[in-house]
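Undergrad: Could you have a look at this structure, given as structure tokens, before my questions?
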């Protein structure tokens, strides 16, 4: 059995999510049907909506269940842009960051390429935090022409936590809608949608212990992002498709448990992470802890190992039975330099020499020790395998 | 032995990996990503380099129960194979990119990486065999399946590379048997079409592809006496022996078809002439290597057979090494041999060595 330290990619199904799913799968009915079976499954769905809303500090009407993070990000970004741009053709600027997930960057770039959107990026400090002055300057310069600001809550690679309240405060001067990809944040940092000032927020089920294939876009009551696909309009007329009450029930159960455990787990994983980072620095003194000094989510440890290549490191760790990750792989499975690290200003060489270790509900000190033992084997070989 | 199986996503490399596993080796499957921007689906008769091919390779590895990885050699491939390919054409030569890939990527970059990561051999689906002579020296031989024999493109391997190479398909009599075996093993690639084209040229049209890299550069089409017969919009992409696409209006005085005989990049001239002028009698090359042990007495000429194309005919020849140059005197003429091509020297089925042809000589008229 391998040591799984890649919980940011996906994490183990929580038993409560599994049983909620299994229970719901036993129930027959389409939540839109007007008969008794329809009402039963509708109730399952709406209870799930209540639970998820509570877990993220939203109103129940603000939860739009969907298939996951990529759909949520696409819907929020394209939908809000289309809505704003239709009302004012000059309102076509999107402000975002070079360190966003591809599920944010790619829809933005698609809009720029195909729909005349203009993309502007905020600056970052060396530790990965957004330079709020650069955001202020962009907002001041472009004001009403800004259709949308999209900045992630927690960076999926480096774990850097953004100050979302400051972002929405800056945006409020011109009433610019702000979207945040909170996929890597939910269940790991306290989230309260209503007090965040956000217009939209993306959540994904499988990052908190629900199955892959369910998520939610949280959309403020005041907003109406244009739909990506059209049909029955089942979810607040914003998202169409027969509602998957089983996955919704599972997601809600996982979210509820994750939120209840958040404080305790944050402290537990933070302690493990600190131990891991200290031990890594003892083993490989040349290693660099990414985003050190920034506010980081406690389950994330991210390193640059100068003189190595990520894919060699990952290969060798895998051979030792340790599952970790680096930047995102392309469709063909090739690991490129991390665009996140390059977005923070690191060199291509550094961005190609990183390893991400992410902890989760099932992580123990034994996992950390096994990782460290593997690192002792892996690092010298990876150094040797990297052409000078 | 710890073995890296290079898996293109085709049937040959999948069966080769399967055989390596069956022989008891500790095998890991690796798909080489050779393009930074791979296509999604396979098109035409290319056999690798798309996401679909990578997935095919992974399916095969999963079937064999071996770990699988995609390793990125796109940068090396661009520098060592694609750029070299373009540069050779620019210089009026006709390169063999598969050979370069074997020389610099599969049995160099991949092998070096494998060795540094603790592997002992690279296993591929090439149709060729490695054996030992009486003294334990490694030799590369043609495969039993002569129709598929790929020993030619492996002629660049040296002793060190041979000692870390595995070609498990060499003793199989035909490709049909490989496909049959793949079916029996439940490999989804069993009936995948063969690939013929150069992997990085999607439409298989080299001249068209080269247009993106080489600016239009018009010049003259002339005969051996220097008389202008026509014009071309760039010498790059013409190949010795080419007949089609010359666009010469007037027919030759003797009414015979005309062929490209020579490309002169400096004067931008493409020389054409009759078919018999393509008859090549001698080959010369300063860039030559021995595959395995070199002949004992290099001061003496020796009889051998020579092949100048991957699936071309073999002709008897005499090889002499003079002033660090390999000279090959062909006992029967070869047609349309171009500088840049590789001549592989065989002793019966054994690959003795190879050279990149710098110069040819024609008995009929002066060659390139």
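The values are calculated or read from the model by the stated rules, or taken from the named source; none is laboratory data. Here the structure is a predicted model, which is why all the values come from computation and not from measurement. FYI the Cβ positions are ideal-geometry reconstructions off the backbone, even for glycines, and counts take in every protein chain you see.
Undergrad: Among the numbered criteria (1) modelled with pLDDT under 95; (2) in contact with a helix residue (DSSP H, G or I) (Cβ under 9 Å, 6 or more places away or on another chain); (3) over 24 Å from residue B:355 (Cβ atoms); (4) within 14 Å of chain A (Cβ to nearest Cβ), which one does residue B:105 miss?
TA: All conditions are met except number (3).
Undergrad: With the structure loaded, tell me whether residue A:298 is at pLDDT below 95 and either under 19 Å from the mean Cα position of the chain (by Cα) or within 14 Å of another protein chain (Cβ to nearest Cβ) (or both) or whether it fails that test.
TA: The answer is no for residue A:298.
Undergrad: Still on this model: Out of A:157, A:90, A:100, report the one residue that is over 21 Å from the mean Cα position of the chain (by Cα), assigned by TED's automatic domain parsing to the domain that holds residue A:203 and assigned to a loop (DSSP other than H, G, I, E, B).
TA: Matching residue, one of A:157, A:90, A:100: A:90.
Undergrad: Taking the range A:29-53 as the region of interest, how many residues are crowded, with 16+ Cβ neighbours inside 10 Å and closer than 21 Å to residue A:188 by Cα?
TA: Going through the range A:29-53 one residue at a time, the tally reaches 5.
Undergrad: Quick test for you: out of B:244, B:256, pick the one residue that is touching a helix residue (DSSP H, G or I) at 6+ places or on another chain (Cβ under 9 Å), over 30 Å from residue B:154 (Cβ atoms) and either not in a loop (DSSP other than H, G, I, E, B) or not assigned by TED's automatic domain parsing to the domain that holds residue B:344 (or both).
TA: B:256
Undergrad: Sticking with this one: Among the residues that make up the range B:6-19, is at least one of them at pLDDT 95 or above, within 10 Å of chain A (Cβ to nearest Cβ) and either within 20 Å of the chain's Cα centre (by Cα) or not in a helix (DSSP H, G or I) (or both)?
TA: no
Undergrad: Taking residue B:338 as the residue in question, decide whether it is out of contact with any helix residue (DSSP H, G or I) (no Cβ under 9 Å at 6 or more places or on another chain) and either part of a loop (DSSP other than H, G, I, E, B) or closer than 21 Å to residue B:97 by Cα (or both).
TA: Yes.
Undergrad: Within the range A:326-350, restricting attention to residues that are surrounded by fewer than 23 Cβ atoms within 10 Å (Cβ to Cβ) and outside any loop (DSSP other than H, G, I, E, B), which residue is modelled with the lowest pLDDT?
TA: Restricting to residues being surrounded by fewer than 23 Cβ atoms within 10 Å (Cβ to Cβ) and outside any loop (DSSP other than H, G, I, E, B), the top hit is A:329.
Undergrad: Scan the range B:62-98 for residues that are modelled with pLDDT under 95, over 29 Å from residue B:232 (Cα atoms) and in contact with a strand residue (DSSP E or B) (Cβ under 9 Å, 6 or more places away or on another chain) and report the count.
TA: Of the residues in that region, 7 qualify.
Undergrad: For the range B:107-138, enumerate the residues that are surrounded by fewer than 22 Cβ atoms within 10 Å (Cβ to Cβ) and within 30 Å of residue B:236 (Cα to Cα).
TA: B:108, B:109
Undergrad: List the pairs whose first member sits in the range A:23-40 and is in a helix (DSSP H, G or I), whose second member is exposed (fewer than 15 other Cβ atoms within 10 Å of the Cβ), and whose Cβ atoms are under 7 Å apart, counting only residues at least 6 apart or on separate chains?
TA: A:37/A:28; A:38/A:32; A:40/A:27
Undergrad: Mind counting the residues in the range B:60-90 that are within 14 Å of another protein chain (Cβ to nearest Cβ) and crowded, with 17+ Cβ neighbours inside 10 Å?
TA: So the answer is 12.
Undergrad: I'd like the full set of residues that are closer than 28 Å to residue B:126 by Cβ and exposed (fewer than 15 other Cβ atoms within 10 Å of the Cβ), limited to the range B:265-292.
TA: Residues satisfying the conditions are B:286, B:287.
Undergrad: Could you tell me whether residue A:103 is touching a residue at least 12 places away in the same chain (Cβ under 8 Å), surrounded by fewer than 15 Cβ atoms within 10 Å (Cβ to Cβ) and under 22 Å from residue A:291 (Cβ atoms)?
TA: Against the criterion (touching a residue at least 12 places away in the same chain (Cβ under 8 Å), surrounded by fewer than 15 Cβ atoms within 10 Å (Cβ to Cβ) and under 22 Å from residue A:291 (Cβ atoms)), residue A:103 does not qualify.
Undergrad: Can you name the residue in the range B:90-102 that is in a helix (DSSP H, G or I) and in contact with a helix residue (DSSP H, G or I) (Cβ under 6 Å, 6 or more places away or on another chain) and is also farthest from residue B:263 (Cα to Cα) among such residues? Talk me through it step by step, then tell me what you get.
TA: First, pick out the residues of the range B:90-102 that are in a helix (DSSP H, G or I): B:90, B:97-102.
Restricting the remaining residues to those that are in contact with a helix residue (DSSP H, G or I) (Cβ under 6 Å, 6 or more places away or on another chain) gives B:97-102.
Details: B:97: 19, B:98: 23, B:99: 22, B:100: 22, B:101: 25, B:102: 27 Å.
Residue satisfying both the conditions and the ranking: B:102.
Undergrad: Next up: Is the range A:206-228 home to any residue that is outside the structural domain of residue A:130 (by TED's automatic domain parsing), touching a residue at least 12 places away in the same chain (Cβ under 8 Å) and in a strand (DSSP E or B)?
TA: In the first step, residues of the range A:206-228 are kept if they are outside the structural domain of residue A:130 (by TED's automatic domain parsing); the result is none.
Taking every residue of the range A:206-228 in turn, none turns out to be outside the structural domain of residue A:130 (by TED's automatic domain parsing), touching a residue at least 12 places away in the same chain (Cβ under 8 Å) and in a strand (DSSP E or B).
Undergrad: Among the residues in the range A:306-320, are any away from every other protein chain (no Cβ under 14 Å), crowded, with 22+ Cβ neighbours inside 10 Å and outside any strand (DSSP E or B)? It would help to see each step written out before you state the result.
TA: Of the range A:306-320, the ones away from every other protein chain (no Cβ under 14 Å) are A:306.
Pick out the ones that are also crowded, with 22+ Cβ neighbours inside 10 Å and you get none.
No, the conditions are met nowhere in the range A:306-320.
Undergrad: Among the listed residues A:248, A:253, identify the single one that is part of a helix (DSSP H, G or I), touching a residue at least 40 places away in the same chain (Cβ under 8 Å) and in contact with a strand residue (DSSP E or B) (Cβ under 6 Å, 6 or more places away or on another chain).
TA: On the way: A:253 fails: in contact with a strand residue (DSSP E or B) (Cβ under 6 Å, 6 or more places away or on another chain).
From the options A:248, A:253, the qualifying one is A:248.
Undergrad: Do we have any residue at all in the range A:179-186 that's crowded, with 24+ Cβ neighbours inside 10 Å, out of contact with any strand residue (DSSP E or B) (no Cβ under 6 Å at 6 or more places or on another chain) and in a loop (DSSP other than H, G, I, E, B)?
TA: Kept after step one, since they are crowded, with 24+ Cβ neighbours inside 10 Å, are these residues of the range A:179-186: A:179-186.
Within this subset, residues satisfying the condition of being out of contact with any strand residue (DSSP E or B) (no Cβ under 6 Å at 6 or more places or on another chain) are none.
No, that holds for no residue.
Undergrad: Output the residue which, of all residues in the range A:351-367 that are over 14 Å from residue A:321 (Cβ atoms) and assigned to a helix (DSSP H, G or I), is nearest to the other protein chains (Cβ to nearest Cβ).
TA: A:351
Undergrad: Going through the range A:124-135 one residue at a time, which ones are crowded, with 16+ Cβ neighbours inside 10 Å and part of a loop (DSSP other than H, G, I, E, B)? Can you show your working first?
TA: Taking the range A:124-135 and keeping what is crowded, with 16+ Cβ neighbours inside 10 Å, we get A:124-125, A:128-130, A:132, A:134-135.
Across the range A:124-135, the qualifying residues are A:125, A:128, A:129.
Undergrad: Scan the range B:296-314 and give yes if some residue there is at pLDDT 90 or above, in a strand (DSSP E or B), surrounded by fewer than 16 Cβ atoms within 10 Å (Cβ to Cβ) and over 20 Å from the mean Cα position of the chain (by Cα), otherwise no.
TA: Within the range B:296-314, one or more residues are at pLDDT 90 or above, in a strand (DSSP E or B), surrounded by fewer than 16 Cβ atoms within 10 Å (Cβ to Cβ) and over 20 Å from the mean Cα position of the chain (by Cα).
Undergrad: Let me ask something else about it. Hey, among the residues in the range B:205-231 that are part of a loop (DSSP other than H, G, I, E, B) and under 25 Å from residue B:251 (Cα atoms), which one's nearest to the chain's Cα centre (by Cα)?
TA: B:217
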